[in-house]
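The values are calculated or read from the model by the stated rules, or taken from the named source; none is laboratory data. A quick note: this is a predicted structure, and the numbers were derived from the prediction, not measured. All Cβ positions, glycine included, derive from the backbone under ideal geometry; neighbour counts span all protein chains shown. In case anyone asks, the SASA skips ligands and DNA or RNA and just uses the protein heavy atoms, side chains included. Shrake-Rupley method; radii C 1.70, N 1.55, O 1.52, S 1.80 Å.
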Amino acid sequence: MPTPTEGDRVYDDGRRRYDWWSDHQTLFRLASWFAFGGEERRLRTAALDALSLGGGETVLDVGCGPGVNFPALRARVGVEGSVVGVDLSRGMLSRARDRVVDDGWQNVHPVGADAATLPLPDGSVDAAYATLSLSAVPDLDGTLTELRRVL
């Protein structure tokens with residue numbers, strides 16, 4: 001676990017990196033495609049299927065980025081459920097919020113937060129979904145502890 005001074009630098013570096021990516025969405029999508037070996041859609045669908053989400057449930061999208069998972073997650077929980085997306089990058093969060101507003105989703109909530117200190121009550125989510133984000137969090141142990149807490 002990084003020390004506070006090291007952690008501040010790591011968090012700031014990560015935030016700046018993903019803020020940059022938020023302004024270069026075409027490159028971001030291309031990098032995601034390569035990261036998943038061209039299997040992104042199939043792998044994301046398989047991960048969603050494994051969650052077995054149902055209508056009315058609450059799902060947490062960890063490191064939601066620009067909200068690319070929101071449509072599929074929202075479709076799984078229905079209008080009676082909710083999607084909470086967390087991201088540390090202000091740029092990515094801005095893109096996610098724009099997507100929510102543009103699509104008029106009342107049950108999708110992008111939140112600026114560190115995944116290692118989630119602003120959610122204990123046991124408040126039914127499932128957690130993360131694509132690419134766990135490899136980028138500075139405090140993986142803290143993030144996993146927080147996910148256990150909110151699940």
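Points to keep in mind about this one:
- Scanning segment 113-125 for residues that are open to solvent by 20 Å² or more (accessible area, probe 1.4 Å) and at pLDDT below 95 yields Asp114, Thr117.
- Scope segment 129-146; condition of a type in the set (A, V, I, L, M, F, W, C) and crowded, with 19+ Cβ neighbours inside 10 Å; matching residues: Ala130, Val137
- The criterion of at least 3 residues that are out of contact with any Gly (no Cβ under 8 Å at 6 or more places or on another chain) is met, among strands (runs of 3 or more DSSP E) falling completely within segment 56-151, by 82-87, 127-130.
Listed here are the residues, each with its yes/no results for (1) at pLDDT 95 or above; (2) among the aliphatic types (A, V, I, L, M); (3) buried (at least 16 other Cβ atoms within 10 Å of the Cβ).
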residue	(1), (2), (3)
Leu53	yes, yes, yes
Arg76	yes, no, yes
Gly85	yes, no, yes
Trp105	yes, no, yes
Ala127	yes, yes, yes
Arg148	yes, no, no
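- Pairs where the first residue, in segment 27-55, is in contact (Cβ under 8 Å) with a residue 60 or more places away in the chain and under 17 Å from Gly65 (Cα atoms) and the second is outside any helix (DSSP H, G or I) and open to solvent by 40 Å² or more (accessible area, probe 1.4 Å), C-beta under 7 Å, 6+ apart: Ser32/Leu132; Ala35/Leu132
- With respect to the stated conditions, Ala96 fails to be under 26 Å from Gly37 (Cα atoms), surrounded by fewer than 20 Cβ atoms within 10 Å (Cβ to Cβ), in contact (Cβ under 8 Å) with a residue 24 or more places away in the chain and aliphatic (A, V, I, L, M).
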